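J.: Here's a structure for you.
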């Protein structure tokens with residue numbers, strides 16, 4: 001069946017079964033390889049993307065559930081001030097080791113900071129839980145989220 005998807009601000013028409021996970025549409029159909037396959041059960045966070053700004057697990061999201069909602073992947077996260085700040089802090093603090101989980105980590109951090117621009121330590125722990133790093137860089141990830149929060153200007157009300 002044909003689906004019209006809004007991914008990274010562009011319209012994409014894909015002809016796949018409705019139960020095809022969004023992850024495989026992104027990677028195999030559209031060639032966007034930044035989103036990673038980890039566990040296939042929505043438990044590790046490697047496949048995290050944004051659906052209308054909310055972090056979701058693309059490995060368990062069927063393409064038929066996406067509809068007209070905006071999908072943002074790691075390929076476009078730097079187009080936002082929050083995404084740019086997260087990526088800058090990741091580089092400044094040398095967060096990455098093997099790097100496999102990092103696109104999902106960055107997407108989760110950007111969603112957290114979009115909804116909670118000045119998170120507490122507890123907010124960061126809760127917001128990033130469910131993203132597994134097999135290299136154990138959790139301390140650097142936590143510090144990078146804190147650093148990114150300082151790089152994001154708070155809009156005057």
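What follows is calculated from the coordinates using simple rules that are stated; it is not laboratory data. Remember, predicted model here, so these are calculated numbers, not experimental data. Every residue, glycine as well, gets a Cβ built from its backbone with ideal geometry; the counts of neighbours run over all protein chains shown.
J.: Identify, please: which residue in the range 1-25 is touching a helix residue (DSSP H, G or I) at 6+ places or on another chain (Cβ under 9 Å) and assigned to a helix (DSSP H, G or I) and is, among those, nearest to residue 58 (Cα to Cα)?
T.: Checking each candidate, the answer is 22.
J.: Output the residue which, of all residues in the range 34-72 that are surrounded by fewer than 17 Cβ atoms within 10 Å (Cβ to Cβ) and closer than 19 Å to residue 13 by Cβ, is nearest to the chain's Cα centre (by Cα). Spell out how you get there, then give the answer.
T.: Taking the range 34-72 as the starting set, the residues that turn out to be surrounded by fewer than 17 Cβ atoms within 10 Å (Cβ to Cβ) are 37, 39-41, 43, 52-54, 60, 62, 64-65, 67-70.
Remaining after also requiring closer than 19 Å to residue 13 by Cβ: 62, 64-65, 67-70.
On the way: 62: 17, 64: 20, 65: 18, 67: 19, 68: 18, 69: 15, 70: 13 Å.
Once the filter is applied, the top-ranked residue is 70.
J.: Name the single residue, out of those in the range 1-33 being surrounded by 21 or more Cβ atoms within 10 Å (Cβ to Cβ) and touching a residue at least 60 places away in the same chain (Cβ under 8 Å), that is farthest from residue 87 (Cα to Cα).
T.: Top of the filtered list is 5.
J.: Specify the residue that is surrounded by the fewest Cβ atoms within 10 Å (Cβ to Cβ); the eligible residues are those in the range 73-101 that are closer than 19 Å to residue 36 by Cα and out of contact with any helix residue (DSSP H, G or I) (no Cβ under 7 Å at 6 or more places or on another chain). It would help to see each step written out before you state the result.
T.: Within the range 73-101, the first condition is being closer than 19 Å to residue 36 by Cα, and the residues that meet it are 73-78, 83, 86-87, 90, 95-101.
Keeping just the survivors that are out of contact with any helix residue (DSSP H, G or I) (no Cβ under 7 Å at 6 or more places or on another chain) gives 75-76, 97-101.
Values: 75: 17, 76: 18, 97: 14, 98: 10, 99: 12, 100: 17, 101: 24.
The residue in question is 98.
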